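Structure first, commentary second.
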Amino acid sequence: MERNDGGSGRRAFEPLDAAGRERLAAHAARLVPGLEDVAGVALTWVDTSGITRTKTVPVARLEHAAAWGVGMSPVFDAFLLDDSIVSGQYAGGPVGDLRLHPDLDRLVRMAALPGWAWAPANRYTQEGHVHPLDTRAALAREVERLADLGWSVRAAFEIEWALSDDEGDGFTPACNGPAYGMTRLTELSQYLRDLLNALAETGVSVDQLHPEYAPGQYELSVAAEDPVGAADTAVLVRETIRAVSFDHGMVASFSPKVLADSVGNGGHVHLSLWREDPAEGPVNAMSGGHEMFGLTGEGEAFTAGILARLPALLAVGAPAVASYLRLVPSHWAGVYGCWGLENREAAIRLVTGALGDRARAANIEVKCFDEAANPYLALAALLAAGRAGLAAKAVLPEPMAADPASLSDAERADLGIERLPDSLADAVAAFEADEALAEALGPEIVDTVAAVRRGEIELFADATPEEITESTRWRH
Ligand code: GLU
Ligand code: MG
């Protein structure tokens, strides 16, 4: 990946030296004249609890921020979703500082926040090294490891949100029409129009937008891109949705569970694996092969590596206590550890696309993830799991062609289909035991993830589902 390089080819996880800082400053200086109508730039990063945090600089300060970063306490890695702080081995104290550097290649005007531009931040130590808890860099490193093996990944996050027009903190659906109903489009057509326009102006390539199942719920999907770009886009799209919703007097919830008794918000992740063919160019390993449904052996191995690790992956992909209120059978959230062709109750849904378009479109969809996940960390862990599958030449079990919940316990046991963890505690235990993920993410991230998850478990130890839902609803 070659971002934030001002044309130097420097990679986001390499240390900053004097020449690198100079190039970044020069890059910022070239951008500033085009930012006349912009007052400030919001630098964002996502913490361990999946909350997007920010520091901003006036445009006049962008050049300095690009070269030297903006000071920031490292304590946020240890924040819980209610802004309380746990202490892990590597994060959590009041001492220390790190530097946030805007990724200038991704800097964009936010059409939904006039006068503001946005750039995802890379986090460095004061010595110019990538901060060990920087999840964007962890993802960039994982991309590089796959590239060293000749692979690249295209990814996209689906964004679901529920809209409320409640005056207080409660949730009152902002529309009344039925699931997927045209009525819901008509009820909020000006809002949805403004949203599409804002995203287009911000340079986001939207694939589709539709009313979803739950009360007040909508969903938007975007084009696949490189993994770091996909995680950035997930942040940008959500902040755009949030801003347009506020503008229209509504509030958007991205929480895994907005109402305790309803379908939740998923954060499904689409992934395809590509290799560069000298003659044909990029070739999609999820299609055109001789394995089941046209998978190639490598596409299968990558998928199998993820499938086998889903219990551990939930600690980063379904990271909130509320996530487990969403993860219930027959809610299209994929709570059984199985895969299937176009099966919306399997944790991994193979999407082949229409005949004729498969070489481009075929991908896997990880359905059990939600939007409390830090998208950088979620993708880094998925890529690491896929890479472990490639290394082991892992094979997939038989695909599942029905809702696993419709089978008896004995039938599921015969097929080797297990329920994924039904609590955050079980997911964290699986995560801590997984060697491939530990090696890929490093001890700092693994320890901090576990400490933050345990903190949230403790926070909600005596809470009812309603209390958990209410406390989580407006945090992500
Ligand atoms: N809202 C569902 C979930 O919690 C997903 C619905 C769909 O398949 O798009 O994941
Ligand atoms: Mg959906």
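Just so it is clear, none of the values below were taken in a lab; they were calculated from the coordinates. None of the values given here were measured: they were computed from a predicted structure. A quick note on method: Cβ atoms are made from the backbone with ideal geometry, for glycine too, and the neighbour counts reach across all protein chains shown.
General remarks:
- Within straight-line reach of Lys367, meaning a Cα separation under 19 Å, sit the following lysines at least 8 residues removed in sequence or on another chain: Lys257.
- Cα-centred dipole magnitude for the stretch 333-459, charges only on beta-carbon of K, R (+1) and D, E (-1), debye, nearest 20: 560 debye
- On a per residue basis, the convex hull of the C-alpha atoms belonging to the chain measures out at 147 Å³.
- Under the membrane-span-like helix rule (DSSP H runs whose alpha carbons stretch at least 27 Å along the helix axis, mean Kyte-Doolittle hydropathy 0.0 or higher), the chain yields 227-247.
- When the stretch 431-476 is described by a simple charge dipole with +1 on each Lys and Arg Cβ and -1 on each Asp and Glu Cβ, the residue from Thr464, Ala451, Leu437 located farthest towards its positive end is Thr464.
- Calculated mean residue ellipticity at 222 nm for the chain: -10500 deg cm²/dmol, from DSSP H runs with n ≥ 4 weighted as -39500 (n - 2.57), summed, divided by the residue count and rounded to 500.
- Taking other Cβ atoms within 10 Å as a rough exposure proxy, Lys55, Lys393, Lys257 sort from fewest to most as Lys393, Lys55, Lys257.
- Least to most buried among Ser287, Ser189 (fewest other Cβ within 10 Å first): Ser189, Ser287
- Listed residue (Ala315, His27, Ala147) projecting farthest to the positive dipole end of the chain, Cβ model: His27
- Nearest-20 debye value, the chain charge dipole, Cβ charges on Lys, Arg, Asp, Glu: 980 debye
- Stokes-Einstein D in µm²/s, Kirkwood radius over Cα pairs - the stretch 3-127 at 25 °C with 0.890 mPa s viscosity: 162 µm²/s
- The stretch 205-245 and the stretch 432-476: distance between their alpha carbon centers, rounded to Å: 24 Å
- Dipole magnitude (debye, nearest 20) for the stretch 308-399, charges at Cβ of Lys, Arg, Asp, Glu: 220 debye
- Residue order, fewest to most surrounding Cβ atoms within 10 angstrom, among Ser272, Ser262, Ser73: Ser73, Ser262, Ser272
- Scattering curve values for the stretch 68-117, log₁₀ I(q)/I(0), Debye with Cα scatterers, q = 0.14, 0.24, 0.25, 0.28 Å⁻¹: -0.55, -0.87, -0.89, -0.96
- Stokes-Einstein translational diffusion, the stretch 350-459 - Kirkwood Rh over all Cα pairs, 0.890 mPa s, 25 °C, in µm²/s: 147 µm²/s
- The alpha carbon centroids of the stretch 167-197 and the stretch 247-280 are separated by 18 Å.
- Long-range HN-HN contacts of Val41 with modeled amide H, under 5 Å: Val57, Val59, Ala117
- Alpha-carbon centroid distance for the pair the stretch 285-312 / the stretch 60-118, whole angstrom: 36 Å
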